[in-house]
1. Return yes or no: is T169 in contact (Cβ under 8 Å) with a residue 24 or more places away in the chain, assigned to a strand (DSSP E or B) and polar (S, T, N, Q)?
2. Go through R266, R311 for me and flag whichever is surrounded by fewer than 20 Cβ atoms within 10 Å (Cβ to Cβ), assigned by TED's automatic domain parsing to the domain that holds E332 and within 11 Å of the ligand (Cβ to nearest atom).
3. Evaluate the following for F29: is it over 30 Å from I129 (Cα atoms) and among the aromatic types (F, W, Y)?
4. If you check C270, C262, which single one turns out to be farther than 20 Å from F98 by Cβ and in contact with a Cys (Cβ under 6 Å, 6 or more places away or on another chain)?
5. List, please: which pairs have Cβ atoms under 6 Å, are six or more places apart or on different chains, and start with a residue in the stretch 279-296 that is closer than 17 Å to T265 by Cα and end with one that is part of a loop (DSSP other than H, G, I, E, B) and at pLDDT below 95?
6. Testing G292 on (1) modelled with pLDDT under 95; (2) crowded, with 17+ Cβ neighbours inside 10 Å; (3) not aliphatic (A, V, I, L, M), one condition comes back false. Which one is that?
7. Just to be sure I understand, how many residues within the stretch 269-299 are among the hydrophobic types (A, V, I, L, M, F, W, C) and either more than 16 Å from the ligand (Cβ to nearest atom) or under 17 Å from S349 (Cα atoms) (or both)?
8. Among helices (runs of 4 or more DSSP H) lying entirely in the stretch 34-146, which contain 2 or more residues that are buried (at least 17 other Cβ atoms within 10 Å of the Cβ) and under 26 Å from the mean Cα position of the chain (by Cα)?
Amino acid sequence: MVINFLNRPSVPSDLRRVHRALVLRHIFFAPRGSRAQLARETGLSGMAITRIIRELIDAGLIEEAGKSNRKGNPGRRQTNLRICPSGGFVIGVVISAFGHEAALFSATGKALARREMSFESIQTAHEAIEVASSTILAIIQDVNIDASRVLGIAIAIAAFVRTGTGTVTSAPYLGWQQVELGRGISDRTNIPVVVENIADAINMAEQAKGAAVGFRDVFLAHQSVTCGASYSHEGKLVRGANFSAGQIGHLTVGESSLVCSCGDTRCFNCHASGWSVLAHLERIDSRCFEAGKIKSYAMALARLVREDPKRGTPEGDALFHAGHQWGRTMQEVALIVDPQAIVLAGKMSEATAYVDGCESAWQNAPDKHGYKPPKLIVGQVPAIQAAGYLALDSFLYSPQLDLDGLISDGTSTRRGGMR
Ligand SMILES: [Zn+2]
């Protein structure tokens, strides 16, 4: 999944890198762990753990964080370990109809600086790549950190993406086709890049640190101007043969008075999307979806969601009705993929009346021969944070991590001979 344009190893053949990543991830997800606990949880030997911890401390990635009593053995004290926030940094970028922004994250996932990227007057993908790259470099300069510790960039984009190469195969609202986004930004910033579809990025972030922690079979519906989805089975994304899995917007649901971007009047997009609500409320001027207007649809939708209309008003009722339709269709989807949880994400998940509609459909699910619908979860990870986690997952808590590069940057005298 991770692409790396700087010729660092892309296939981790080194088992040490894998073990190191395993230990780092454990400390990230369960701070206050001890060496003994790590050995138990990772299955690595005590000796291996001791060596890896030494390396990670030398590289400035983790630190000892005081002592505590051992569980069940109050007489013995253990040394706790935690991630060093300034041990490594990553950049997260979001490109969607609702805005374009970049943010710098610490090793613990905290956003340290954010910047909007204005693509308003931009005509070409080439120009967008220039703007994104210069924004990223400006953020790094702004925050006065060791730039050599910026490990990677993750871009979450509302588009179809070939993640292996970082190619945006199609981004309808930007009018992009076959854009080498990852390579373009990596070449200009000299930092490795991973590019991911926005729904997929949010899905993985919800499982790592959001509302879907503990679930690994998750169907995430990204309800915004249009409807998209991401599905992960056993913690792995299912992308489809053409990298276009999850196009729920064009599921045939039933007749409507609206015309979807595909020309059909029966699509899920015509019933449960933000665009459909705007069209029914006549907040936009046409009942036919026009791809060139996605930006203005997004602005109108952001306004409507900010108003947060209650049921009993035309706006609140339209949102509730669309949410109810979402819930009914998701029950059909659940019959096909049988996920542990269905996550509602995207702009619509911020509208109370829409969420109420979704939940009402869930509560009134028809009994299909004893089938129990999966848990319905409202997502909580914003897209920019999801991009940050994706970058951390790809470049820090990953076998991709180049530890030697961190150790030899002057923070340690233990150069060479470490691997
Ligand atoms: Zn359609």
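1. Answer is yes for this residue.
2. Testing whether each residue is surrounded by fewer than 20 Cβ atoms within 10 Å (Cβ to Cβ), assigned by TED's automatic domain parsing to the domain that holds E332 and within 11 Å of the ligand (Cβ to nearest atom) leaves just R266.
3. Answer is yes for this residue.
4. Going through C270, C262 in turn, the sole match is C270.
5. Pairs that qualify, where the first residue is closer than 17 Å to T265 by Cα and the partner is part of a loop (DSSP other than H, G, I, E, B) and at pLDDT below 95, are F289/S261; A291/P172; A291/S261.
6. Status for G292: all satisfied but (2).
7. So the count comes out to 8.
8. Result: 125-142.
The values are calculated or read from the model by the stated rules, or taken from the named source; none is laboratory data. Not measured: the values here are computed from a predicted model. Backbone-built Cβ (ideal geometry, glycine too); neighbour counts: all protein chains shown.
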